[in-house]
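What follows is a short report on a single structure.
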Amino acid sequence: MKLFTADDPEARSADLLAGNIEQLKSLFPEAFTEGKIDFEVLRQLLGGTVEEREEKYGLNWHGKRKARQLALTPSTGTLRPCPEESVEWDSTQHLMIEGDNLEVLKLLQKSYSGKVKLIYIDPPYNTGKDFVYPDNFRDNIENYLELTGQVEGGRKISSNTEASGRFHTDWLNMMYPRLKLARNLLRDDGVILVSSDEMEADNLKNICDDIFGFENFVERIVWKNKYGSGALTKGFANVHEYIIVYSKEPIQDISAPLDDEQRAAYRLQDEKFEYRGGYLTQPLATTSKDPRPNLVYPIFYNGQEIWPEKQWVWAKERFEEAYKNNEIVINESEGKFSVRTKQYLRDENGIERLGKPLSIMNGPFNQEGTRDIATLFPEKIFSFPKPMALLKYFVALIFNGDKSKEGIYLDFFAGSGTTGHAVMAQNAIDGGTRRYILVQLPEPLDPENKDQKVAANFCDQHGKPRTIAEITKERLRRAAKKIKEENPRFHGDLGFRVFKLDSSNIRTWEPDPHDLEASLFNSIEHLKADRSEADILYELLLKLGLDLCVPVEKRTFAGKAVHSVGGGVLLVCLATLVTREEVEPLAQGIVAWHGELAPARDTTCVFRDSAFADDVAKTNLAAILQQHGLEIIRSL
Ligand SMILES: C[S@@+](CC[C@H](N)C(=O)[O-])C[C@H]1O[C@@H](n2cnc3c(N)ncnc32)[C@H](O)[C@@H]1O
């Protein structure tokens, strides 16, 4: 029975550096001698593609090297489940994770890498008032707990003012490792959209080119987000922001459901109205394409011959078919003919046509975001939430022809939770089963700060800690309730599971030099005393790369609770004591249950190391399980 320790690669979040080296090794085995990279050989193998010049193109800043490394350092943290703060814990597939997103993104790597369909983020804009979380290279979890006031002596979080001298640098150092980790989570056909104002837009574009590759740049959308003219502005009234879009691999196509204005353009009606909706007309003649002789032919109408100025868009056969089906409109005005084709709102199968998203968006406006929140909370509780309609539009976009209405939508700067709200709302509209994962820092709210006062008071009134994450969770609860009230026939997922970032449940070896005896005694139990069975169970899920919403069942054998995760892929018994007599019935119970479950993958069985009365009990249990094909047995 192999023991899981805190240093065990399996007990840590994904080791991205080791993964990268493995990939390099498989591509260039010759460049490795005794496990180390020989750069001279690698350079030779790469031929003329190595950049040797001192001055190369690209964005550089103080801390870039450290920011790169930061993304590669595994996390020593875990995510602790909080069913009491969740909604419909047992059935939901949505996640709301409270914690610093750098650590959370690291912890999600094993379970979600290559699985996320769309990421939307709206990071702090660096206005001088935003807080930019200082990452600590040495021990980020400790740093996080202290900064967010979760351990004694919590430091106050400060904003990133221009006076700090490292204004842009701090922001870039914050964004770079997070975007790098985010890219790993995307599916091959996945897309990321990042909101930005003017301040960091160019830097953002530069680091995204670096991380996602220039060839994967999709668009820099200009979004007119305000309709007020800003009378006090000295220069131009700034009424726009950007949304920068990148894909993981070159994008083939994007289409968007029509908005109300576009749909209203299909206002003409004919005998097919009932099943194809209204129609609009488009000219059949074109002057813009390359000349093609088969597109040049006469159309006979009321005894007249109509010729195109250059050519028609359709070949003759297609035109004749459309004419027969009453899908051509010919008008005459002052002896000149116009030939137009009908374009219906819906196709033959009743499916509504799609439109092309534009690189300039006129609204929805910020004021709408404020209104969205005001319909849920009595007061103005969050400054500048994004309009829900904006997020709904992104959620409904169709990339590379994938109309599946499912997949994971991630927002790791969740704020008030607009992305989660939009995912649920869009599912209610089109019956989709999209899932969301939100990450939000429990950023402390200061009752003395005029922008945070309302939210801080709200938390006080509801007996909750004063943090932004509390507002996120409450928004999700209230939004779900409202969606249900407005769509009583919608039976989709309106719950969410809450997890909180914390240090690992598995102890690290940190001897107290003044009391070695106590240190040795404590090290017998590897699991921290204040952690629950559920904490340990979900840490296992995460570290073994299973989905945090995978079904977990429980049965009891010999009085000990056994959990089956993911249909038997993981069987876990965390009882604190297993006697020699209990070994046989416990093992037989597990074997029988495993037989019933018949999991598709090999099963890992996990026990608490300190639970066994003695080594005989431990060895017997392992022997029975192994006899029945349960070979992977670990202890904690
Ligand atoms: C501009 S707001 C996002 C607003 C959001 N789009 C909405 O519609 O409500 C950025 C959010 O990111 C959060 N944040 C900043 N640094 C973070 C970090 N390191 N980890 C997680 N969240 C963070 C802030 O607390 C803030 O709520």
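The values are calculated or read from the model by the stated rules, or taken from the named source; none is laboratory data. Model, not experiment: these values are computed from the prediction. Cβ sites come from the backbone with ideal geometry, for glycine too, and all protein chains shown count toward neighbours. Remember, those area values only see protein heavy atoms, side chains included, never the ligands or the DNA or RNA. Shrake-Rupley method; radii C 1.70, N 1.55, O 1.52, S 1.80 Å.
Screening segment 31-42 for residues that are in a helix (DSSP H, G or I) and touching a helix residue (DSSP H, G or I) at 6+ places or on another chain (Cβ under 6 Å) and picking the one that is surrounded by the fewest Cβ atoms within 10 Å (Cβ to Cβ) gives Val41. Close Cβ contacts (under 9 Å, 6 or more residues apart or on different chains) running from residues in segment 541-558 that are in contact (Cβ under 8 Å) with a residue 40 or more places away in the chain and among the basic types (Lys, Arg) to residues that are open to solvent by 50 Å² or more (accessible area, probe 1.4 Å) and assigned to a loop (DSSP other than H, G, I, E, B) comprise Lys543/Arg12. Scanning segment 591-609 for residues that are open to solvent by 40 Å² or more (accessible area, probe 1.4 Å) and acidic (Asp, Glu) yields Glu596, Asp602.
With respect to the conditions (1) more than 9 Å from the ligand (Cβ to nearest atom); (2) within 25 Å of Ile360 (Cβ to Cβ); (3) among the aliphatic types (A, V, I, L, M); (4) open to solvent by 10 Å² or more (accessible area, probe 1.4 Å), Val395 lacks only one, and its number is (4). Can you find a residue that is open to solvent by 40 Å² or more (accessible area, probe 1.4 Å) and polar (S, T, N, Q) anywhere in segment 269-278? Looking through segment 269-278, at least one residue is open to solvent by 40 Å² or more (accessible area, probe 1.4 Å) and polar (S, T, N, Q).
If we keep just the residues of segment 102-144 that are within 10 Å of the ligand (Cβ to nearest atom), outside any loop (DSSP other than H, G, I, E, B) and more than 17 Å from Asp15 (Cα to Cα), which is nearest to the chain's Cα centre (by Cα)? Result: Tyr120. Going through (1) closer than 25 Å to Lys356 by Cβ; (2) in a loop (DSSP other than H, G, I, E, B); (3) of a type in the set (S, T, N, Q) one by one, Gln262 falls short only on (2). The sole residue among Ser91, Ser75, Ser164, Ser113 that is at pLDDT below 95 and surrounded by fewer than 20 Cβ atoms within 10 Å (Cβ to Cβ) is Ser164. Would segment 222-242 turn up any residue that is among the aromatic types (Phe, Trp, Tyr) and open to solvent by less than 20 Å² (accessible area, probe 1.4 Å)? Looking for residues that are among the aromatic types (Phe, Trp, Tyr) and open to solvent by less than 20 Å² (accessible area, probe 1.4 Å), one finds at least one in segment 222-242, hence yes.
Tell me whether segment 81-92 contains one or more residues that are in the same structural domain as Pro444 (by TED's automatic domain parsing), within 12 Å of the ligand (Cβ to nearest atom) and in contact with a Leu (Cβ under 9 Å, 6 or more places away or on another chain). Within segment 81-92, none of the residues are in the same structural domain as Pro444 (by TED's automatic domain parsing), within 12 Å of the ligand (Cβ to nearest atom) and in contact with a Leu (Cβ under 9 Å, 6 or more places away or on another chain). Does Arg580 meet the test of being in contact (Cβ under 8 Å) with a residue 40 or more places away in the chain and open to solvent by 10 Å² or more (accessible area, probe 1.4 Å)? When the stated conditions are applied, Arg580 passes them. One residue stands out among those in segment 436-474 that are under 19 Å from Leu79 (Cα atoms) and assigned to a loop (DSSP other than H, G, I, E, B): the one that is most open to solvent (accessible area, probe 1.4 Å), which is Pro465. Test Gly355 against the stated conditions and say whether it is open to solvent by less than 20 Å² (accessible area, probe 1.4 Å) and under 19 Å from Ser195 (Cα atoms). It is false that Gly355 is open to solvent by less than 20 Å² (accessible area, probe 1.4 Å) and under 19 Å from Ser195 (Cα atoms). If you check Phe412, Phe384 for being open to solvent by 20 Å² or more (accessible area, probe 1.4 Å) and either within 13 Å of the ligand (Cβ to nearest atom) or in contact (Cβ under 8 Å) with a residue 60 or more places away in the chain (or both), only one passes: Phe384.
Among the residues making up segment 320-347, a single one is out of contact with any strand residue (DSSP E or B) (no Cβ under 9 Å at 6 or more places or on another chain) and under 25 Å from Gln252 (Cα atoms): Asp347. The residues on offer are Thr433, Thr418, and the sole one that is open to solvent by 40 Å² or more (accessible area, probe 1.4 Å), in the same structural domain as Asn238 (by TED's automatic domain parsing), within 21 Å of Val498 (Cα to Cα) and not aromatic (Phe, Trp, Tyr) is Thr433. Given the structure, is Asp170 modelled with pLDDT under 95, in a loop (DSSP other than H, G, I, E, B) and of a type in the set (Asp, Glu)? So Asp170 does not fit the description; no.
Within segment 341-352, can you find the residues that are in contact with a Ser or Thr (Cβ under 8 Å, 6 or more places away or on another chain) and open to solvent by 40 Å² or more (accessible area, probe 1.4 Å)? Hit for segment 341-352 is Gln343, nothing else. Scanning segment 610-636 for residues that are charged (D, E, K, R) and either buried (at least 17 other Cβ atoms within 10 Å of the Cβ) or within 33 Å of the chain's Cα centre (by Cα) (or both) yields a count of 2.
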